[in-house]
Amino acid sequence: MGLLDGDVALVTGAAGGIGLATARRFLEEGARVAIADIDSARLAGAVETLRADVLGVPLDVTSRASWKAAVEAVLERFGTLTLLVNGAGISEPADIETLSDDAWDRHLAINLSGVMYGMQAAVPAMKASGRPCAIVNVASMLSMRPGAIFAAYCASKSGMVALSQSAALHFARAGLPIRVNTVHPGAIRTPMYERYLAMAEDREAAEAGFAATHPMGRVGEAHEVAEAILFLASPKASFTTGAQLPVDGGGHIRD
Ligand SMILES: NC(=O)c1ccc[n+]([C@@H]2O[C@H](COP(=O)([O-])OP(=O)(O)OC[C@H]3O[C@@H](n4cnc5c(N)ncnc54)[C@H](O)[C@@H]3O)[C@@H](O)[C@H]2O)c1
């Protein structure tokens with residue numbers, strides 16, 4: 001018996017990193033899984049590394065038409081949709097003085113509007129599923145403890161948390177069995193983290209700097225975030241909605 005037997009999940013941003021680790025863990029727990037990403041080439045590779053009956057769905061989270069097509073593809077293949085993990089996201093460093101309009105718009109379009117479009121696209125299918133459903137949105141330690149060089153990123157992720165909690169309240173009050181929660185990773189060893197290291201003049205110093213922002217003295221691994229997402233998606237979290245779960249080695253409470 002798996003924790004997610006009978007569930008059908010759509011995981012975005014799943015060509016690599018946290019999304020791919022989540023898809024792998026969901027499969028281990030018995031879910032049927034569709035993985036979605038804007039990077040079609042890496043998405044095809046991810047489908048291969050998982051297993052044959054995983055559905056790969058090209059998706060641009062900033063497009064409602066793309067979301068509609070993605071949910072339709074999931075319903076056509078698996079007949080229902082019960083779990084949504086919004087993992088797609090971007091992070092580009094800029095403080096409030098250097099932040100460009102383009103970067104601001106890109107962060108809000110992908111990290112905030114993309115999550116809103118995703119929830120709106122998935123909910124009708126969830127309501128029709130006849131099963132308890134769950135949405136897990138991947139926020140960040142930086143929405144709980146903002147950083148100066150992540151102005152747009154912090155704003156987009158904090159907006160996503162407020163949106164998630166509003167949705168959680170709405171579904172609970174409406175008596176709909178759809179829970180909505182957020183996970184808040186610290187620095188996690190993924191392609192996104194690797195891009196930050198690649199930007200640094202001194203890679204070793206940058207790695208040490210990232211590790212030092214977590215009281216546990218290291219960065220995290222994608223599978224550690226996947227476990228938190230699995231918990232929130234599973235019946236183990238049946239009375240949990242509107243929660244923010246940090247996965248950051250204590251980073252959000254550092255002194
Ligand atoms: N890695 C970290 O340190 C860290 C920390 C906190 C939060 N997060 C969050 O975790 C989530 C996963 O990030 P990750 O670390 O695995 O990084 P990642 O870069 O490996 O994954 C993000 C994925 O999102 C996809 N994507 C980007 N724009 C998209 C779009 N418009 N439509 C669909 N897909 C799109 C990318 O192609 C990529 O595969 C993100 O939301 C990120 O903000 C990551």
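Under the Karplus relation 6.51 cos²θ - 1.76 cosθ + 1.60, θ = phi - 60°, what is the ordered set of whole-Hz ³J(HN,Hα) values for segment 87-96, x standing for Gly and Pro?
x, 4, x, 10, 8, 10, x, 5, 7, 4
What order do Ile110, Ile253 take when sorted by accessible area (1.4 Å probe), most exposed first? Each step should come with its number before you reach the end.
Numbers: Ile110 35, Ile253 125 Å².
In descending accessible area the options line up as Ile253, Ile110.
Which chymotrypsin sites (Phe, Trp or Tyr not before Pro) from segment 187-255 combine a DSSP loop assignment with at most 11 other Cβ atoms within 10 Å?
Within segment 187-255, the qualifying chymotrypsin sites (Phe, Trp or Tyr not before Pro) (loop, at most 11 other Cβ atoms within 10 Å) are Phe239.
In terms of modelled amide H atoms, which long-range or inter-chain residues lie less than 5 Å from the amide H of Cys133?
Ile178, Arg179
Just the accessible area for Asp53, please: 1.4 Å probe, Å², rounded to the nearest 10?
Accessible area, nearest 10 Å²: 70 Å².
What number, in nm² with one decimal, is the all-direction average of the projected area of the convex hull of the alpha-carbon atoms of segment 108-255?
Averaged projected hull area, Cα only: 9.3 nm².
Enumerate the calculated ³J(HN,Hα) couplings along segment 234-240 in order (Karplus 6.51 cos²θ - 1.76 cosθ + 1.60, θ = phi - 60°), each rounded to whole Hz, writing x wherever the residue is Gly or Pro.
Those phi angles translate into 8, x, 4, 9, 4, 10, 10 Hz.
What full-extension length gain, to one decimal in nm, is calculated for Glu221 and Ala44 as 0.36 nm per residue of separation minus the Cα-Cα distance?
Answer, rounded to one decimal: 61.5 nm.
On a 1.4 Å probe surface of the protein chains, which of Glu76, Glu29 comes out largest in accessible area, and what is the full order?
Numbers: Glu76 165, Glu29 30 Å².
Result, largest first: Glu76, Glu29.
Pop the C-beta distance of Glu194 and Glu28 into the FRET formula with R0 = 30 Å and round what comes out to the nearest 0.05. Display every interim value, and only then the final one.
On the way: r = 25 Å, r/R0 = 0.84.
Rounded to the nearest 0.05, the efficiency is 0.75.
In whole Å and largest first, what semi-axes does the C-alpha gyration tensor of the chain yield when each eigenvalue is scaled by 5 and square-rooted?
Value: 28, 19, 18 Å, ordered largest first.
Can you tell me which of Val136, Val47, Val85 moves the most in a GNM of the chain? Springs connect C-alpha atoms under 10 Å apart.
Sorting by GNM fluctuation, first place goes to Val47.
If you stretched the chain out fully between Arg64 and Gln244, how much longer would it get, using 0.36 nm times the residue separation minus the C-alpha to C-alpha distance?
That works out to 62.2 nm of additional length.
Residues with amide H under 5 Å of Gly56's amide H, sequence separation 5 or more or different chain, H placed in the peptide plane at 1.01 Å from N; which?
Those lying under 5 Å, H to H, from Gly56 are Ile35.
Where in segment 165-239 are there GluC sites (Glu not before Pro) that are in a DSSP coil and have at most 14 other Cβ atoms within 10 angstrom of their Cβ? The partial results should precede the final answer.
Values: sites: Glu194, Glu201, Glu204, Glu207, Glu221, Glu224, Glu227; in loops: Glu201.
Of the GluC sites (Glu not before Pro), the ones in loops of segment 165-239 whose Cβ has at most 14 other Cβ atoms within 10 Å are Glu201.
Which far-off residues, 5 or more places away or on another chain, put their amide H under 5 Å from the one on Arg189, with H placed in the peptide plane?
Residues meeting the amide H criterion: Gly220, Glu221, Ala222.
Could I have the simple spin-label model distance between Ala212 and Ala148, label points 7 Å from Cα toward Cβ, reported in nm to one decimal?
1.5 nm
With θ set to phi - 60° and the Karplus curve 6.51 cos²θ - 1.76 cosθ + 1.60, what are the ³J(HN,Hα) couplings of segment 246-254 in order, to the nearest whole Hz, using x for Gly and Pro?
Computed from phi, the couplings for segment 246-254 are x, 10, 9, x, x, x, 6, 10, 5 Hz.
Run the paramagnetic zone check for Trp104: 7 angstrom along Cα to Cβ, then residues of segment 126-159 with backbone nitrogen under 20 Å.
143, 146-159
Let me have the relative contact order for the chain, percent, based on Cα pairs under 8 Å that are six or more residues apart.
This gives 19 percent for the chain.
The values are calculated or read from the model by the stated rules, or taken from the named source; none is laboratory data. All values reported here derive from a predicted model rather than from experimental measurement. Don't worry about glycine lacking a Cβ; one is built from the backbone with ideal geometry, like all the others, and counts go over all protein chains shown. What goes into the accessible areas is simple: the full protein's heavy atoms, side chains included, and nothing from ligands, DNA or RNA. Shrake-Rupley method; radii C 1.70, N 1.55, O 1.52, S 1.80 Å.
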